[in-house]
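This report refers to the structure that appears directly beneath it.
Each reported figure results from applying straightforward, stated rules to the coordinates on display, with no laboratory input. Note that the structure is a prediction, hence the values are computed from the model and not measured. Note that each Cβ is placed from the backbone with ideal geometry, even for glycine, and that neighbours are counted across all protein chains shown.
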Amino acid sequence: MNKIFEVPLYAYERSPDQDAPSPVRHKVIVVGAGPIGLAAAIDLAQQGVEVVVLDDNDKVSFGSRAICFAKRPLEILDRLGCGQPMVDKGVVWNVGKVFFNDREVYEFNLLPEKGHERPAFINLQQYYFEEYLVNRVRVLQAEGAPIEIRGRNKVEAVGTHPDHVKLEVETPEGAYTVEADWLIACDGAGSPIRSMLGLDFVGRVFEDNFLIADVIMEADFPTERWFWFDPPFNKGQSALLHKQPDGVWRIDLQLGWDIDKEREKRPENVIPRLKAMLGDDVHFELEWVSIYTFQCRRMEKFRHGRVIFAGDAAHQVSPFGARGANSGLQDTDNLCWKLKLVMDGKAPESLLDSYDVERLHGADENILNSTRSTDFITPKSVMSRILRDAVLDLSEHYEFARPLVNSGRLSVPCTYDGSPLNSADALDGPERTRPGSPCPDAPVKDGFLLPMLAGKFTLLTIDTDAPEMIEEDGIEVTRVALSVKDDPTQELKRRYLGNAESAVYLIRPDQHVAARRPNFDEPMIRQAIRRAAGKEHAHV
């Protein structure tokens, strides 16, 4: 059994703040050293922002928890310096299979096109993910970056003020008070910060329970996502199987609503269920067991003055579809560059309102898809079940029915249609790269496109001229010049030009398209830069 979650990675050490005569003010405090809190802290530290992470624990999470990491979050993690360790350790997969009763009805490929550096998904236990993030923090600290993790520092009270936040923190050596210009709450679904501020979720809690079991075993199942509707070993319910590193397999079994959760988690009750699924001749060992209930909920808004919520602290969805950690990483990717501009005085504080607009849109999209998945997986009436089963029967032989099958629509990046930071589309180009879209990767002469667009405003030009650098009202934009002639696969042309002969894209630091045009038009581009930085509200 893996013992990584028993080893303190950020053990308690006394901080100078505890001996200060008055509360010390920090630029940013992040509460929560889980994946989302650590990602936010790393992102800010890489931009030179001083950040302190407070966590009431001192080690990584127990159990695998989040295991499925999608292509877009892996690209974000590349920018944070953690993508490659994740892919190296993780189990890479693109193919999923759907079963009904005792037969396979169809399979699907989540990344059928070529020309991407990262796969559709990897499976990796959350404790490894957190370990790699902590390792990245240590590297940044060795390089002199202003980042600190304080283990066993539990926030007991929060006071909000117009220009700062005050926190009372409990430690093994007593309490102290500290202040922050900005507080990012990444303290999980049960967020104490949210409770301290008297805030709550809106949404649905579904009447069903699912057993999660991490099982260590040697098995010859392929590296694919397998989902069963009404299997013989769990009649009337559903099941899911995923492979993880180290011979660990994730098994989800639907249990129904009226159960004794503590009783169902006992090994003497879990093991017979697993044997019914795997067979008596398969030898396995339980590593971790938990039970969860579907919840599709979010806060009404994520920003409350100087306190900003991200990840599960801000929104919750059912695990089917792998939208939890993946959407949380997209939260921090959206937030941190905006916060940096505001702190540097290069953008108005109102730019942070676009975090609410864009990530509320992302949360609503995830909740919609997750709710639809839940309704399909757990029909609430006899007629709903009859309809679902008919769709599954048809999908075995008829392709038209397969898009109707919903075993958990898997995480895809959000397109910020209608964002106040978008300029009007001025290019008759591909729909997938319209303003608000995340940039798709593509092969280029020296590797792949996305690393060239990371962490800064970029003017991407394809077969047209533009200045090498533009500065507009304090915002610097550097040019990346490409030609479709350098891409023998022609994927760059398909994804960014379509039928156009040339294009100019204004790309945000989070690799989302802010504007696009067929050629460089300086007044229009300057206006688009101001708009993308929250300074311009007129449509271009």
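Distance between the 7 Å Cα→Cβ label points at D428 and D364: 3.2 nm. List the residues whose amide H sits under 5 Å from the amide H of F100, counting only those 5 or more places along or on another chain, with H placed 1.01 Å from N in the peptide plane. Under 5 Å from the amide H of F100: V105, F229.
Applying both filters, DSSP loop and at most 10 other Cβ atoms within 10 Å, to the trypsin sites (Lys or Arg not before Pro) of the range 232-269 gives K235.
Dipole check for the chain: with +1 at the C-beta of Lys and Arg, -1 at the C-beta of Asp and Glu, and the Cα centre as origin, the magnitude is about 620 Debye. Cβ-Cβ distance of A390 and A454, R₀ of 51 Å, FRET efficiency by 1/(1 + (r/R0)^6): the value works out to about 0.60. Of the DSSP H helices in the chain, those with a Cα length along their own long axis of 27 Å or more and a mean Kyte-Doolittle hydropathy reaching -1.0 comprise 324-343, 353-377. Dipole of the range 202-295 computed with +1 at Lys/Arg Cβ and -1 at Asp/Glu Cβ about the Cα centre; of G247, M217, N234, farthest Cα towards the positive end is N234.
Karplus-based coupling profile of the range 49-55, in residue order and whole Hz: 8, 5, 9, 10, 9, 10, 9, with θ = phi - 60° in 6.51 cos²θ - 1.76 cosθ + 1.60 and x standing for Gly or Pro. Under a 5 Å amide H cut-off, with hydrogens placed 1.01 Å from N, F121 pairs with W93 among residues at least 5 apart or on other chains.
Beta bridges from DSSP with both residues in the chain: antiparallel share about 75 percent, rounded to the nearest 5.
In a reduced charge model with +1 at each Lys and Arg Cβ and -1 at each Asp and Glu Cβ, the range 1-61 shows a dipole moment near 80 debye about its Cα centre. Think of each Lys and Arg Cβ as +1 and each Asp and Glu Cβ as -1; about the Cα centre, that makes the dipole of the range 283-357 roughly 300 debye. Here are several values of Rg/Rh (Cα atoms, Kirkwood Rh): (i) 0.97; (ii) 1.28; (iii) 1.14. Which one was derived from the coordinates shown? Derived directly from the coordinates: (i).
Couplings for the range 10-21, taken from phi via the Karplus curve 6.51 cos²θ - 1.76 cosθ + 1.60 with θ = phi - 60°, read 9, 4, 4, 9, 5, 9, x, 4, 6, 10, 6, x Hz in order; Gly and Pro are left as x.
Between A189 and Y398, the FRET efficiency estimated from the beta carbon spacing at R0 = 35 angstrom works out to 0.35. Along the range 157-167 the Karplus relation, 6.51 cos²θ - 1.76 cosθ + 1.60 evaluated at θ = phi - 60°, assigns HN-Hα couplings of 7, 10, x, 9, 9, x, 10, 6, 10, 10, 10 Hz to successive residues, with x for each Gly and Pro. Here is the list for the range 201-256: GluC sites (Glu not before Pro) lying in DSSP coil, each with at most 13 other C-beta atoms within 10 angstrom of its C-beta, are E218.
The stretch between V205 and Q141, if pulled fully straight at 0.36 nm per residue, gains 18.9 nm over its current Cα-Cα span. Projecting the Cα atoms of M452, P488, G436 onto the charge dipole of the range 431-532 (Cβ charges, centred on the Cα centre) puts G436 farthest toward the positive pole.
Each peptide among 345-357, 324-336, 179-191 gets the average number of other Cβ atoms lying within 10 Å of its residues, and from highest to lowest they stand as 324-336, 179-191, 345-357.
Calculated mean residue ellipticity, 222 nm, the chain: -8000 deg cm²/dmol, from DSSP H runs (n ≥ 4) at -39500 (n - 2.57) each, averaged per residue and rounded to 500. Available extension along the chain between K346 and E471 is 43.8 nm, counting 0.36 nm per residue and deducting the alpha carbon span.
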